[in-house]
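Here is the structure we will look at, set down as structure tokens.
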Amino acid sequence: MIPPAAAHADASGLLGGLSAFQASAGALLAVVVLMILTGRLVPRSVLRDTRRDSSARETQLQKQADAWRDAYELAVQGRKTADEHMAELLDAARTTRQVIEALPQAAGRAGPGKTDRAERKVRHDTPVD
């Protein structure tokens, strides 16, 4: 078994004559310098600025998302209104077609040589009373 004093003397021999405290302080300094150089350790002001920029970007993205959602809802509402108008126009077109198809039948019932008001409006050859 190695006595404790001998173990301590052996460890200082590995550290080049430095005490354990001096070696650990040097190692800590080396780790801190390495972290600064790699960007893992930054000043508090840089961290605060980065967080503020991130928060501002998040707010901006949220506003943009809200604007897109509003635009989508407006487009959906516009499409719904257009569909309603199209249904009304189709109904009016059906009614108009039925009226136009009924005109020749109405003209045939008026008798020979007689014209009714609707036919005179269509032909524009005689004034309507």
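Restricting the search to region 38-74, which residues are in a helix (DSSP H, G or I) and aliphatic (A, V, I, L, M)? Spell out how you get there, then give the answer.
In the first step, residues of region 38-74 are kept if they are in a helix (DSSP H, G or I); the result is 38, 44-74.
Across region 38-74, the qualifying residues are 46, 47, 56, 61, 65, 67, 71, 74.
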* **Residue pairs meeting the criteria (Cβ under 9 Å; at least 6 apart or on separate chains; first on the phi < 0 side of the Ramachandran plot, in region 38-57; second of a type outside the set (A, V, I, L, M, F, W, C))** => 42/50
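Read the figures in this text as sums done on the coordinates, not as results from a lab. Bear in mind that the values here come from a model prediction, so they are computed numbers and not experimental data. Positions of Cβ are backbone-derived with ideal geometry, glycine not excepted, and every protein chain shown enters the neighbour counts.
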